[in-house]
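Asks: Below is the structure I would like to discuss, written out as structure tokens.
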Amino acid sequence: MRVTLVQTDIVWGAPERNMREAELLMSKEPGSDLYVLPEMWSTGFATQPEGLAHEVGENEALNWMERQAKAVHCAICGSLAVHTEDGSYRNRHFFCDGRTGKTWYYDKHHLFTYGHEHTYYTAGQEPCIVSYEGFRFLLLTCYDLRFPCWSRYATGKEYDVIVVVANWPESRQNAWQVLTRARAIENQAYLVGCNRVGDDSYNHYAGASVVVDSIGHTLGQCRKHVPQTLTVSLDKAELERRRTKFRVLDDRDQ
């Protein structure tokens, strides 16, 4: 499977501009099966979402994801700030399959209390594993990466790839480097992590979006500070071979 990281420089509160930029970057890497966008890729990390979050039923960025996935015959994932029908705000990671027309979503479970995300957003309570083209994808969002129990490969929660979308600041870049490898190794899974570049009023973002294999080797990593795309191939047979040969998951905590 061909997976493309779409490492964008998000323009604050400008969905139309961010959609155009994402589409331009994607056009430079045709033929991928999955394109991965950062966290809140259409607005920036809107910890105070009033006036910025997309309304359910009028979600222009989600509509764009679904149209683009269908047009390019691929899947696209990334998170959006969403204002739901019950009045709550959610940091919602969408996975849009343009080949079947189906869309899944995961609401971020670990809200970033240090940045007051919990003040405005409601945490999701259920993990989401998406089956697509023979792979099972666990959807995570940014801060979730720090919590190994939430992402643990377990009975009834089996998967092959962790997909993390993020606004992870440069000041904590070392943690990004370590935790992406740790989650891949401990779960014997691929990890695909897409981070943004650029600035908002809170942080500077270096990017370094990455794909890691199940033994922690870097299969590809974007440059820092530069909007770009990077495509990596995932090999399901190789993943299964490694899991069969070195059966770490048999000894996992239940």
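The values are calculated or read from the model by the stated rules, or taken from the named source; none is laboratory data. Everything numeric here is computed off the predicted structure, so don't read it as measured data. Cβ coordinates were reconstructed from backbone atoms using ideal geometry, including for glycine residues, and neighbour counts include every protein chain displayed. Note: areas computed on protein heavy atoms with side chains; ligands, DNA, RNA excluded. Shrake-Rupley method; radii C 1.70, N 1.55, O 1.52, S 1.80 Å.
Asks: What is the ratio of the Cα radius of gyration of region 79-201 to 2.2 N^0.38 Å, with N the residue count, to two decimals?
Replies: Working: Rg = 14.5 Å, N = 123, 2.2 N^0.38 = 13.7 Å.
Taking the Cα Rg and dividing by 2.2 N^0.38 Å, one obtains 1.06.
Asks: Of the peptides 231-243, 22-34, 176-188, how do they stack up when ordered by the mean number of other Cβ atoms within 10 Å, highest first? Walk me through the intermediate numbers first.
Replies: Numbers: 231-243: 14.8, 22-34: 16.5, 176-188: 19.8.
By packing density, highest mean first, the sequence is 176-188, 22-34, 231-243.
Asks: Here is a further query. Given contacts defined as C-alpha pairs under 8 Å and at least six residues apart, what's the relative contact order of region 12-97, whole-number percent?
Replies: Numbers: 134 pairs, mean separation 26.3, N = 86.
This gives 31 percent for region 12-97.
Asks: Stick to the Cα atoms of region 70-134, pair each with every other, and give me the Kirkwood hydrodynamic radius in Å at one decimal. Kindly include the intermediate steps, with their values, before the conclusion.
Replies: On the way: mean 1/r = 0.0769 Å⁻¹.
Averaging 1/r across every pair of different Cα atoms and inverting gives 13.0 Å.
Asks: Further, regarding this structure: Using a 1.4 angstrom probe on heavy atoms only, work out the carbon and sulfur share of the accessible area of region 117-254 in %.
Replies: Numbers: 3030 of 6000 Å².
Answer for region 117-254 is 51 percent, counting heavy atoms of protein chains only.
Asks: Helix 236-245 sits at what angle to the longest principal axis of the chain, using alpha carbons and giving 0 to 90 degrees rounded to 10?
Replies: Taking the Cα atoms of the chain, the angle to 236-245 is about 40 degrees.
Asks: Per 10 Å bin, what is the whole-percent P(r) computed from every C-alpha pair distance within region 1-53?
Replies: In whole percents, the pair-distance histogram is 26, 47, 22, 5.
Asks: Can you compute log10 of I(q)/I(0) for the chain with the Debye formula, treating each Cα as one identical point scatterer, at q = 0.07 Å⁻¹?
Replies: Calculated log10 I(q)/I(0) at the listed q: -0.20.
Asks: Sort 152-158, 67-73 by packing, meaning the average of other beta carbons within 10 Å per residue, with the highest value first.
Replies: Top of the packing list down: 67-73, 152-158.
Asks: Write down the accessible area per residue of the chain in Å², having rolled a 1.4 Å probe over the full set of protein chains.
Replies: Details: 10760 Å² over 254 residues.
Result: 42 Å² per residue.
Asks: Taking the Cα centre of the chain as origin, sum charge times position over the Cβ atoms of Lys and Arg (+1) and Asp and Glu (-1), and report the length of that vector in debye to the nearest 20.
Replies: 860 debye
Asks: Turning to a different aspect of this structure: Given Cα positions, please report Rg to Rh for region 29-93, the hydrodynamic radius being the Kirkwood one. Before the final figure, lay out each step's value.
Replies: On the way: Rg = 12.5 Å, Rh = 12.4 Å.
Here Rg/Rh amounts to 1.01.
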